[in-house]
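Engineer: Could you have a look at this structure, given as structure tokens, before my questions?
The values are calculated or read from the model by the stated rules, or taken from the named source; none is laboratory data. Everything numeric in this text was worked out from a predicted model, so none of it was measured. All Cβ positions, even for glycine, are placed from backbone atoms using ideal geometry, and neighbour counts span all protein chains on display. Side chains are part of the model used for accessible areas, which takes the heavy atoms of the whole protein and leaves out ligands, DNA and RNA. Shrake-Rupley method; radii C 1.70, N 1.55, O 1.52, S 1.80 Å.
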Amino acid sequence: MATDVTVILDDQPGELARLGEVAGAARVNLDGFAAFTGEGKGVVHMLVADESLGALREALAAAGMGVAD
């Protein structure tokens with residue numbers, strides 16, 4: 001199975017690239033991806049395999065990126 005992880009970023013250049021770098025460094029493959037912006041924030045949905053969820057959450061926390069769900 002896979003899990004949808006929602007991350008809230010500031011809507012500024014480089015944040016989406018940083019998110020990809022954080023996931024890649026944690027060796028997490030993104031099975032699906034969608035993003036949109038509004039009111040100065042970026043909302044990113046990442047679909048990841050359940051077995052990668054823990055590694056992704058740890059990497060995002062270490063990078064100071066908030067997980068919305």
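Engineer: Can you name the number of the only condition in (1) part of a strand (DSSP E or B); (2) without any contact (Cβ under 8 Å) to a residue 24 or more places away in the chain that Gly24 fails?
Structural biologist: It fails just one condition, (1).
Engineer: Filter region 33-69 down to residues that are more than 11 Å from the chain's Cα centre (by Cα) and part of a strand (DSSP E or B), then give me how many there are.
Structural biologist: Residues flagged as more than 11 Å from the chain's Cα centre (by Cα) and part of a strand (DSSP E or B) within region 33-69 amount to 5.
Engineer: OK, next. Considering only residues of region 1-17 that are surrounded by 13 or more Cβ atoms within 10 Å (Cβ to Cβ) and not in a strand (DSSP E or B), which is farthest from the chain's Cα centre (by Cα)?
Structural biologist: Asp11
Engineer: Cβ-Cβ distance below 7 Å, separation of 6 or more or different chains: which pairs start in region 49-67 with a residue that is under 16 Å from Gly20 (Cβ atoms) and polar (S, T, N, Q) and end on one that is open to solvent by 40 Å² or more (accessible area, probe 1.4 Å) and not in a helix (DSSP H, G or I)?
Structural biologist: Taking only residues 6 or more apart or on different chains, the pairs are Ser52/Asn29.
Engineer: When only residues in region 18-69 that are open to solvent by 80 Å² or more (accessible area, probe 1.4 Å) and among the small types (Gly, Ala, Ser) count, which is farthest from Met1 (Cα to Cα)?
Structural biologist: Within region 18-69, the match that is farthest from Met1 (Cα to Cα) is Ala62.
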